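Below: one structure, written as structure tokens.
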Number of protein chains: 2
Amino acid sequence: MGWTSEDFFTDSPVSSSSVHERVDQFIAANRGTGGQLRRPIVCVTSGGTCVPLERRCVRFIDNFSGGTRGALSTEHFLQAGYAVIFLNRKHSIQPFTKGLPSGQILDCLTQVLEPSAAGNGAPEGSEQADRLVRACVATAHEVAARGVLLRVAFETLFEYLAYLRAIAEALRPCGQGAAFYLAAAVSDFFIPWQEMAEHKIQSAGVGDQLHLTLQKTPKMLGDLRRLWAPEAFVISFKLETDENVLAKKAAGAIERYGVHAVVANILETRKDVVTLLAPAAAGASAAPAKSLIRRPADGQVIEAPLVAELARRHAVYWGSTGT
Amino acid sequence: MGWTSEDFFTDSPVSSSSVHERVDQFIAANRGTGGQLRRPIVCVTSGGTCVPLERRCVRFIDNFSGGTRGALSTEHFLQAGYAVIFLNRKHSIQPFTKGLPSGQILDCLTQVLEPSAAGNGAPEGSEQADRLVRACVATAHEVAARGVLLRVAFETLFEYLAYLRAIAEALRPCGQGAAFYLAAAVSDFFIPWQEMAEHKIQSAGVGDQLHLTLQKTPKMLGDLRRLWAPEAFVISFKLETDENVLAKKAAGAIERYGVHAVVANILETRKDVVTLLAPAAAGASAAPAKSLIRRPADGQVIEAPLVAELARRHAVYWGSTGT
């Protein structure tokens, strides 16, 4: 028998009460005087979770994900009028940093402080870069001042799932006005805290090979849909390297967990095209409806049409019951 | 039988010829017209290596290490008159960034561009921060302009070991004027490339548990000492969470691999105190000589006295033969 969600949370060492409080305050700030939501609220998850191999964590299994999709999508949800809870891996890419000089922080500061030293070619180029940097900083500030962006950082799978549950439970009273955009790369396997070594695993003690046994991470999508926030609009993600595997798994998420949309990605092409799947009008047992979303030709990122389409569908869903 | 270094490099998919060329050029730039070294050269390794679990890398096992020790030590080696090859994990901490505002790049830029908006309290505080930032940027530039710092970035264990070998072979002609300061956190176990799955491991196909078998990483310290750069001064590091394990392993590195010094660290206290071990005057079979290095009371980091002491020992070693 595999691990259930209940087993997982009983075993987990993470407390999420402070996250619950912060989300409560954030929701309150986004309600009108009559108590109704002034705007829809989406929880965007971003970056990869890691799984410690030792309690005093020296080694861990990590999932590759810079967090670009989550960061860009957050910008577009804000533009679409949402308040966003950005549940992100610590040090992953943040919203409003795309215009910033890439790479090391020193190179970035150099470009701002001494554009000529940064070797950026023509002075017009530096001026343009400088304008872009100032615009990013200004936008980030404006968003912070309006109180429509709440950042919650995680590192381990234990933190991610505990915080996601806390956010979902806090959002439950928002009904269909709440959405989840689950772009984080979540570890499929983990080592339970109670089975984990206290100290660093010693190479001397284990012979020439190290055998690790990991448990399958319990699927929390079902809990999110049925228990934590049953009315919220849920968008899940599948990232694979193999097209055949991807199609099957994306359809499975709709059938099995009843999510409202699945964004299906192939690792290599995910910035150019994604497939959006939704339950068929005929019901969850029929083949899901599919539409392709492509990166626009005008230089915009693919997150622009993707988020626009999802916001449209969420508005229909919310409006249909008039919560 | 475990994997040998030869097995490892035969299996590894990484080519290091471009690193070898860059190091050759760097060494040439640090030689006088007569061909003698104008200054000692140290290769500082920094940050953790990761071990992919799949060829198209989505998941990997990572070693926790921000790279603070390597970055700060690089600054102090430069101050001590060394040319430094900084072999660092991509996105790990870089030299001359300690004075910079910590945290996200946007917060950092905000502090520089709009110190009042950053909520830093008194204007004197912001002015001081601004001065510090400008000093960091200026120092980094001065070092870059002098050509005494070469940065080589790695991510995987395969890259780290291939680049380390290339650097060592390029440094071999520098004889005792070269040193290695091996502060990187290197994975003890890995999955050979040839045994690695092409695609993402599927949770559906493996039942409720995932069993991973990792091979012990061949010890390359012996190859570095005996084959790659036999005359270079080699400083290795041990990081443990358990004092008893640490003492034994540090002494073993001297006895087994003939390194010239070992810096022994406990995870929790490594910024306050380290133990420096060296071969006993009586020979490698006697108990090693130990000295404690502590963080100075004047606010300097522990890397200041640590690097000063090692540079002193390296100078004695180099001077003793007059290479």
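The values are calculated or read from the model by the stated rules, or taken from the named source; none is laboratory data. Here the structure is a predicted model, which is why all the values come from computation and not from measurement. Every residue, glycine among them, receives a Cβ derived from its backbone with ideal geometry; neighbour counts consider all protein chains shown. To get the accessible areas, we keep the full protein, side chains included, count just its heavy atoms, and leave off ligands, DNA and RNA. Shrake-Rupley method; radii C 1.70, N 1.55, O 1.52, S 1.80 Å.
Brief remarks follow.
- Residue-averaged beta-carbon neighbours from other chains (10 angstrom radius) around B:207-215: 6
- What you get for the protein assembly as shown, charging only the Cβ of Lys and Arg (+1) and of Asp and Glu (-1), is a dipole of about 180 debye around the Cα centre.
- P(r) histogram, all alpha-carbon pairs of the protein assembly as shown included - 20 Å bins from 0, percent: 17, 47, 31, 5, 0
- Listed residues B:ALA145, B:ALA178, B:ALA80, most fluctuating in chain B (Gaussian network, C-alpha, under 10 Å): B:ALA145
- Heavy atoms of the protein chains alone define the surface here; on that basis chain B has 43 Å² accessible area per residue at 1.4 Å probe size.
- Computed over chain B, the per-residue total of -39500 (n - 2.57) for DSSP H runs of n ≥ 4 gives a 222 nm mean residue ellipticity of -11000 deg cm²/dmol, rounded to 500.
- Projecting 7 Å from Cα along the Cα-to-Cβ direction, the label point of B:GLY175 sits 8.4 nm from its equivalents in the other copies, listed shortest first.
- Cβ-vector label at 7 Å, B:ARG31, separations to other copies in nm: 7.5
- Computed over chain A, the range of Cα coordinates on each principal axis works out to 63, 60, 44 Å, biggest value leading.
- Note on the range B:1-84: Rg/Rh from Cα positions, Kirkwood definition for Rh, rounded to two decimals, is 1.08.
- Residues considered: B:CYS43, B:CYS174, B:CYS136. Largest GNM mean-square fluctuation over chain B, using C-alpha springs under 10 Å, is found at B:CYS136.
- Among beta bridges that DSSP assigns inside the range B:5-319, antiparallel share in %, nearest 5: 35 percent
- Summed buried accessible area for B+A [probe radius 1.4 Å, Å², rounded to 100]: 5800 Å²
- Set of lysines near A:LYS271 by C-alpha distance (under 16 Å), chain-local residues within fewer than 8 positions excluded: A:LYS98, A:LYS238
- Between the range A:257-303 and the range B:15-79, the alpha-carbon center distance in angstrom: 42 Å
- Only the Cβ atoms of Lys and Arg (+1) and of Asp and Glu (-1) were treated as charged; on that basis the dipole of chain B about its Cα centre amounts to roughly 840 debye.
- Shortest-first distances to equivalent copies, position A:GLU142, nm, label 7 Å out along Cβ: 4.1
- For chain A, modelled as a GNM whose springs connect Cα atoms under 10 angstrom apart, the maximal fluctuation among A:THR139, A:THR74, A:THR33 occurs at A:THR33.
- Across the accessible surface of the protein assembly as shown, with the other protein chains kept in place and a 1.4 Å probe, carbon and sulfur atoms take up 51 percent.
- Cβ-defined net charge surrounding B:GLU231, 12 Å radius [Lys, Arg +1; Asp, Glu -1]: +3
- Charge context of B:ILE85, other residues only, Cβ under 11 angstrom, K/R +1, D/E -1: +2
- A:PRO40 sits among other residues whose Cβ lies under 14 Å from its own Cβ, and their net charge, with Lys and Arg +1 and Asp and Glu -1, is +4.
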